[in-house]
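The structure appears below as structure tokens.
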Amino acid sequence: MPATIAVLPQPPLLVPELAGNAAVETEALREACRIVVVKLAAAASSWVAVGADPGGRRTVAPGTTGSFAGYGRDVPVALPGPEGTPGEGTALPLPLLIAAWAAGGTGVGSVRGELVAPDADPDDCLALGAELGAGETGLLVVGDGAAMHTPKAPGGFDDRAEAFDAVVAAALDAGDPEPLARLEPEPAASLWAAGRAPWQVLAGAARAAGHGWAAAHRHSSTPYGVAYHVALWEPA
């Protein structure tokens, strides 16, 4: 079972070098991320990082390198572990770029990436989570909520966004995987919620543990109209 489960969002503005004028507004979000990854590293010396990417289902080895160059500045990062894996480089997907950045300085020994398609079937996500939950690793789950909370949000405004992220936030507050397991792909996709599939991988892993979970740290905010959720679940 996962030793501990952490949830992070994936905006590049988490990285101080990329934050620009958003640095002050997002400082509380960045601090919440720092707290949960430090606690995750204290609980587990190796992690599995889960995210969604259009390239679909694949594993990315520890040691793989990447860069935020595609997001405005060449900030190099690497998944902790052995030397980099050929062929990834600056194409390392955004959720794993964030995972690598977040892991830096925590002392974690190894981080392996597991990617799923954004439109992955919920049952497949739950099954993958159950498989990943078989070891005593830390589980780092990366993805954003709805990107339609205000008229100036990346996807514009959709009045369903508030209810969607309220379900996610309540589940994370309660340490309850079941509402996450029940998220439907189509509404999530139409709200530009990149976290749906990764959160359902989390749900599968949390279920497979065979015990309850408690939220040891929580943060949700919607700067720029995008919902960002941060959580740390520990065995109850």
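The values are calculated or read from the model by the stated rules, or taken from the named source; none is laboratory data. Every value quoted in this text rests on a predicted model; they were computed, and no experiment measured them. For neighbour counting, all protein chains shown are included, and Cβ atoms are generated from backbone atoms with ideal geometry for every residue, glycine included.
Before moving on, here are some points about what is shown:
- Qualifying positions in the stretch 102-113 - outside any loop (DSSP other than H, G, I, E, B) and either surrounded by fewer than 21 Cβ atoms within 10 Å (Cβ to Cβ) or of a type in the set (A, V, I, L, M, F, W, C) (or both): A102, A103, S110, V111
- Candidates A78, A61, A42, filtered to the one that is without any contact (Cβ under 8 Å) to a residue 40 or more places away in the chain, surrounded by fewer than 18 Cβ atoms within 10 Å (Cβ to Cβ) and among the hydrophobic types (A, V, I, L, M, F, W, C): A42
- Selected residue (criterion: modelled with the lowest pLDDT) from residues of the stretch 129-147 that are surrounded by fewer than 24 Cβ atoms within 10 Å (Cβ to Cβ), out of contact with any strand residue (DSSP E or B) (no Cβ under 7 Å at 6 or more places or on another chain) and among the hydrophobic types (A, V, I, L, M, F, W, C): A134
- Among residues that are over 20 Å from A194 (Cβ atoms) and not in a helix (DSSP H, G or I), P82 is included.
- Residue that is nearest to R73 (Cα to Cα), among those in the stretch 1-51 that are within 13 Å of the chain's Cα centre (by Cα), β-branched (V, I, T) and part of a helix (DSSP H, G or I): V37
- Some residue of the stretch 51-65 being at pLDDT 95 or above, within 26 Å of E31 (Cβ to Cβ) and either hydrophobic (A, V, I, L, M, F, W, C) or out of contact with any helix residue (DSSP H, G or I) (no Cβ under 8 Å at 6 or more places or on another chain) (or both): yes
- Spans of helices (runs of 4 or more DSSP H) in the stretch 131-236 with at least 1 residues without any contact (Cβ under 8 Å) to a residue 40 or more places away in the chain, out of contact with any Cys (no Cβ under 6 Å at 6 or more places or on another chain) and not hydroxyl-bearing (S, T, Y): 161-174, 178-181, 185-190
- When the stretch 148-171 is limited to residues that are surrounded by fewer than 22 Cβ atoms within 10 Å (Cβ to Cβ) and of a type in the set (G, A, S), the one that is farthest from the chain's Cα centre (by Cα) turns out to be G156.
- One residue from L18, L97, L92 being farther than 23 Å from E131 by Cα, surrounded by 22 or more Cβ atoms within 10 Å (Cβ to Cβ) and modelled with pLDDT under 95: L92
- Apart from one condition, E186 fits all of (1) over 16 Å from the mean Cα position of the chain (by Cα); (2) crowded, with 24+ Cβ neighbours inside 10 Å; the exception is (2).
- For the stretch 94-152, the set of residues classified as of a type in the set (S, T, Y) and touching a Leu at 6+ places or on another chain (Cβ under 9 Å) consists of T106, S110, listed by residue number.
- Here E17 clears all of (1) touching a helix residue (DSSP H, G or I) at 6+ places or on another chain (Cβ under 9 Å); (2) without any contact (Cβ under 8 Å) to a residue 60 or more places away in the chain except the condition numbered (1).
- Looking only at residues of the stretch 189-236 that are under 17 Å from G129 (Cα atoms) and touching a His at 6+ places or on another chain (Cβ under 6 Å), we find that the one that is modelled with the lowest pLDDT is P235.
- Some residue of the stretch 131-150 being over 19 Å from T222 (Cβ atoms) and touching an Asp or Glu at 6+ places or on another chain (Cβ under 8 Å): yes
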